[in-house]
1. Cβ-Cβ under 7 Å, sequence separation 6+ or interchain: first residue in region 94-118 and in contact (Cβ under 8 Å) with a residue 60 or more places away in the chain, partner of a type in the set (F, W, Y) and open to solvent by 10 Å² or more (accessible area, probe 1.4 Å). Which pairs?
2. Are there helices (runs of 4 or more DSSP H) fully within region 130-204 with at least 1 residues that are small (G, A, S), surrounded by fewer than 20 Cβ atoms within 10 Å (Cβ to Cβ) and under 19 Å from the mean Cα position of the chain (by Cα)? List them.
3. Quick check on my filter: what residues within region 44-61 are touching a Leu at 6+ places or on another chain (Cβ under 7 Å), away from the ligand (no atom under 16 Å from the Cβ) and outside any loop (DSSP other than H, G, I, E, B)?
4. Just the residues that are more than 7 Å from the ligand (Cβ to nearest atom) and either assigned to a helix (DSSP H, G or I) or more than 16 Å from R124 (Cβ to Cβ) (or both), please, taken from region 12-30.
5. Which residues, counting only those in region 62-80, are open to solvent by 60 Å² or more (accessible area, probe 1.4 Å), in contact (Cβ under 8 Å) with a residue 24 or more places away in the chain and more than 16 Å from the ligand (Cβ to nearest atom)?
6. Anything in region 84-129 that is charged (D, E, K, R), outside any helix (DSSP H, G or I) and more than 20 Å from D59 (Cα to Cα)? List them, or say none.
Amino acid sequence: MRDARRAAIMQMDWAALKAAVAQCTACVLHATRTNTVFGVGDENADWMFIGEGPGADEDALGDPFVGQAGRLLDNMLAAISLERGKNVYIANVVKCRPPGNRNPQPDEADRCEPHLERQIELIRPKLIVALGRVAALNLLDRDASIASLRGRVLDYKGIPLLVTYHPAYLLRSLTEKAKAWEDLCFARKTMEGFHAQNVIRNDQ
Ligand code: SF4
């Protein structure tokens, strides 16, 4: 049953995937949500930013990263010359709000994981940026501190993945903003490196 559900999701196109998420009752989070929060942005983006789950504002509006944390994320994107919706896609590990903004439970993230995996497959981003420890933990399938994951090119199913702080955390920990800026510079340099490699390959 579980494998059949996953297999079905992994065959879906965008329209089917959006419809499946909108109607999903696969974990307990469906019972308390106002809206599902599918994700937003350029479906052919090179960049994908992934957080842990919707908060109250996102649940109310059905869009990821709105409110104060969303504005900070937009500023983070602007710092590396990116703009929401243009060559960037933004999503979360779980598509429904965990009550009280708690972290998603492992079984909730596990039930929702095929949705995100299929989104990533359809987008095929060149680089994924995991926002916060919970997103990193779920994407990398291992527990580690943010400090030990930052500044490294990691791997999600063959796609390079970097880790930085979640904007909501940065709002509470202003001293960490400088580190997030370092991470974004590292992300931009990493992407520039991919572009340079492509130019060299195309010239050969
Ligand atoms: Fe379905 Fe994901 Fe929402 Fe759970 S969080 S009900 S798995 S869409």
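The values are calculated or read from the model by the stated rules, or taken from the named source; none is laboratory data. Bear in mind that the values here come from a model prediction, so they are computed numbers and not experimental data. Positions of Cβ are generated from backbone atoms using ideal geometry, with glycine treated the same way; all protein chains shown enter the neighbour counts. With ligands, DNA and RNA removed, areas are computed over all heavy atoms of the protein, side chains included. Shrake-Rupley method; radii C 1.70, N 1.55, O 1.52, S 1.80 Å.
1. Within 7 Å, the pairs are K95/F38.
2. So the answer is 146-149.
3. Within region 44-61, W47, F49 meet the criteria.
4. Selection gives W14, A15, A16, L17, K18, A19, A20, A22, Q23, V28.
5. Q68
6. K86, R124, K126
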